[in-house]
Amino acid sequence: MLRIVRILSLGLLLTCPACQHGRMFRSRFTMNVRCPVCGVIFERDAGEVTGGMAINMTLTSAFALVAGGLLSVFTTLPALLLILAIGMATVTFGLLFYRHARGLWTSILYLTGSIFED
Ligand SMILES: [Zn+2]
């Protein structure tokens, strides 16, 4: 169990789950194909990026629901301002969490045996 938490944490921190040293991303939105330290391929099959996108969409939607619910209950903001604020916060959260969602997905792939050293 501790190993699973550690591997998922490495993914959230954008660090290679295999060697625990290599960086997953070389720029803001560009993921390395291979780990620069150990050389494992992060997303071996085509379409694996959709797992990270699904995590990002799910957590961003949950964030929007919770934030919208809390703001509508605990504030007296007009509805239009509330919708605009939630919309902007949701887009910002989705963009900021994108890399971490892909890193988390890469960790899940590693835990399921889909990422391995050649
Ligand atoms: Zn590595």
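The values are calculated or read from the model by the stated rules, or taken from the named source; none is laboratory data. Treat the numbers as computed from the prediction; the structure is a model and nothing was measured. FYI the Cβ positions are ideal-geometry reconstructions off the backbone, even for glycines, and counts take in every protein chain you see.
Does Leu84 meet the test of being in a helix (DSSP H, G or I) and either exposed (fewer than 14 other Cβ atoms within 10 Å of the Cβ) or within 16 Å of the ligand (Cβ to nearest atom) (or both)? So Leu84 passes the test.
Of all residues in the range 62-81, those that are exposed (fewer than 13 other Cβ atoms within 10 Å of the Cβ) and either charged (D, E, K, R) or within 24 Å of Leu12 (Cβ to Cβ) (or both) total 4.
When the residues of the range 12-23 are filtered to those that are within 12 Å of the ligand (Cβ to nearest atom) and not in a strand (DSSP E or B), the one that is surrounded by the most Cβ atoms within 10 Å (Cβ to Cβ) is Cys16. Looking only at the range 24-33, which residues are within 16 Å of the ligand (Cβ to nearest atom) and either within 10 Å of Thr106 (Cβ to Cβ) or not in a strand (DSSP E or B) (or both)? Within the range 24-33, Met24, Arg26, Met31, Asn32, Val33 meet the criteria. Any idea which residue in the range 2-56 is modelled with the highest pLDDT, counting only those that are on the phi > 0 side of the Ramachandran plot and more than 12 Å from the chain's Cα centre (by Cα)? By that ranking, first place goes to Gln20. Of all residues in the range 34-64, those being assigned to a loop (DSSP other than H, G, I, E, B) and either of a type in the set (Lys, Arg) or away from the ligand (no atom under 12 Å from the Cβ) (or both) number 6.
Kindly check whether there is at least one residue in the range 47-66 that is in contact with a His (Cβ under 6 Å, 6 or more places away or on another chain), more than 12 Å from Ala101 (Cα to Cα) and without any contact (Cβ under 8 Å) to a residue 40 or more places away in the chain. Within the range 47-66 (the criterion being in contact with a His (Cβ under 6 Å, 6 or more places away or on another chain), more than 12 Å from Ala101 (Cα to Cα) and without any contact (Cβ under 8 Å) to a residue 40 or more places away in the chain), the answer is no, since none of the residues qualifies.
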